[in-house]
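A short reminder: the numbers here are calculations on the coordinates, not readings from a lab. Keep in mind that what you see is a predicted model, and the values were worked out from it rather than measured. Note that each Cβ is placed from the backbone with ideal geometry, even for glycine, and that neighbours are counted across all protein chains shown.
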Amino acid sequence: MRTSTFERKTSETEITTSVNLDGSGKSNVSTGIKYLDHMLTSLSTHSLIDIDLQAKGDLIHHIAEDVALCLGKCIGDALGDRSGIMRFGSISIPMDDALSSASVDLVKRPYAVIDLQMSEQTIEDMATEDVLHFFQSLATSLPANIHLRVEYGENQHHKVESLFKALAVSLRQAISNDPRRDSLPTSKGLI
């Protein structure tokens, strides 16, 4: 089983995270940020990664950032040396008026290109900049190349939710075992 548990305790946050990459999309998430809980539950459901994540902290910004850091670290640890995985994932996902695309490369080089196309400063109980920072922190801690783009949409909630769903399905593709490969998915011999 590809599983991992990680705990992080700072003067700002306290987070416990567990993942099972070969799960069924079950989640038990509590961050104190309702919209983030909703997005993490969606991420779990559509990636089929079981996520158990409990977080508390002083500020929404600190919680969102540290949740992403812990989740990325957990997923990265569960992947081990990344032998035998597909490595890449890419998809576009609609949600009502919104369409978002995500492309993931589970190479161990952190890089994030995020285009939220947001016209509002907040979305539900989160600042838009904290949503952006969540994705950047996830890419850094995983580490991976993550490219996310809201193609279009009117509803801010739908835009971000379609983006989380696109990320989820891209991750699901990338972490999947490649039945034809038992080595690292690279021509360099090292990821």
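Okay, here's what the table says:
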item	result
Residue list for the stretch 37-80, filter: of a type in the set (D, E, K, R) and in a helix (DSSP H, G or I)	37, 65, 66, 73, 77
Among (1) in contact with a Gly (Cβ under 9 Å, 6 or more places away or on another chain); (2) under 19 Å from residue 162 (Cβ atoms); (3) part of a loop (DSSP other than H, G, I, E, B) - the single one residue 32 does not satisfy	(2)
Pick from the stretch 1-19, criterion not in a strand (DSSP E or B) and not basic (Lys, Arg), ranking: surrounded by the most Cβ atoms within 10 Å (Cβ to Cβ)	12
Pick from the stretch 36-54, criterion in contact with a Gly (Cβ under 7 Å, 6 or more places away or on another chain) and of a type in the set (A, V, I, L, M, F, W, C), ranking: farthest from residue 13 (Cα to Cα)	48
Candidate set: the stretch 89-141, residues that are of a type in the set (Val, Ile, Thr) and assigned to a helix (DSSP H, G or I); chosen: the one surrounded by the fewest Cβ atoms within 10 Å (Cβ to Cβ)	128
Some residue of the stretch 149-160 being of a type in the set (Phe, Trp, Tyr) and within 17 Å of the chain's Cα centre (by Cα)	no
Condition check for residue 164: aromatic (Phe, Trp, Tyr), in a helix (DSSP H, G or I) and farther than 11 Å from residue 101 by Cα	no
Residues being touching a helix residue (DSSP H, G or I) at 6+ places or on another chain (Cβ under 6 Å) and either surrounded by fewer than 18 Cβ atoms within 10 Å (Cβ to Cβ) or farther than 22 Å from residue 31 by Cα (or both) - total across the stretch 142-159	4
Some residue of the stretch 178-185 being assigned to a loop (DSSP other than H, G, I, E, B), closer than 30 Å to residue 118 by Cα, of a type in the set (Asp, Glu) and out of contact with any Leu (no Cβ under 6 Å at 6 or more places or on another chain)	no
